[in-house]
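*Asks:* What follows is a single structure, and I will ask about it in a moment.
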Amino acid sequence: MSKMNELDLCVGDLRNAAQSLTAVADSLTALFSDGNSGTSSKAPVPAVQPKPAAESKLIMLEQVRAVLAEKSRSGHTADVRALLEAHGAAKLSEIDPKEYPALLAEGSRIGMTTTPPDGSGGAPGEGGTNG
């Protein structure tokens with residue numbers, strides 16, 4: 001990816017973050033002005049409602065990226081790559097956003113197996129072959 005493309009993506013992310021912060025600020029203003037002064041019927045909540053759908057995709061991408069990056073740092077890089085390839089991509093950016101929820105769920109399970117290497121299926125610390 002060229003430097004200009006990276007810069008363009010960063011600028012877009014910053015603008016999305018700014019919109020999110022503005023939406024949060026508007027929501028908080030509406031929330032607290034309703035309870036305290038009772039004169040906040042003009043709150044811009046309807047204008048903010050369409051944004052969460054677009055924001056949720058961005059948040060979901062960031063959540064997936066954070067989970068997979070953590071798993072990779074924890075020594076499960078091969079598992080992360082295998083998961084991405086199972087979803088038909090070499091990189092997270094190549095994956096269809098519709099697959100993010102499944103990818104997040106599967107990625108969260110990487111490195112979390114509790115089955116002992118001997119296959120006994122016992123809980124950790126039970127020592128499945130001592131019997």
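The values are calculated or read from the model by the stated rules, or taken from the named source; none is laboratory data. All figures in this text were calculated on a predicted structure; none of them were measured in a lab. FYI the Cβ positions are ideal-geometry reconstructions off the backbone, even for glycines, and counts take in every protein chain you see.
*Asks:* Look at residue 84 and say whether it is surrounded by 15 or more Cβ atoms within 10 Å (Cβ to Cβ), assigned by TED's automatic domain parsing to the domain that holds residue 62, under 16 Å from residue 62 (Cα atoms) and within 12 Å of the chain's Cα centre (by Cα).
*Replies:* For residue 84, the condition - surrounded by 15 or more Cβ atoms within 10 Å (Cβ to Cβ), assigned by TED's automatic domain parsing to the domain that holds residue 62, under 16 Å from residue 62 (Cα atoms) and within 12 Å of the chain's Cα centre (by Cα) - is not met.
*Asks:* For residue 56, only one of the following conditions fails: (1) farther than 30 Å from residue 109 by Cβ; (2) surrounded by 13 or more Cβ atoms within 10 Å (Cβ to Cβ); (3) modelled with pLDDT under 80. What is its number?
*Replies:* Residue 56 satisfies all of (1) farther than 30 Å from residue 109 by Cβ; (2) surrounded by 13 or more Cβ atoms within 10 Å (Cβ to Cβ); (3) modelled with pLDDT under 80 except (1).
*Asks:* Going through segment 74-103 one residue at a time, which ones are under 21 Å from residue 9 (Cβ atoms) and part of a helix (DSSP H, G or I)?
*Replies:* Correct list: 84, 92, 93, 94, 97, 98, 99, 100, 103.
*Asks:* Looking at this structure, is residue 71 part of a helix (DSSP H, G or I), at pLDDT 80 or above and either touching a Ser or Thr at 6+ places or on another chain (Cβ under 7 Å) or loosely packed, with under 11 Cβ neighbours inside 10 Å (or both)?
*Replies:* Spelling it out, it is not the case that residue 71 is part of a helix (DSSP H, G or I), at pLDDT 80 or above and either touching a Ser or Thr at 6+ places or on another chain (Cβ under 7 Å) or loosely packed, with under 11 Cβ neighbours inside 10 Å (or both).
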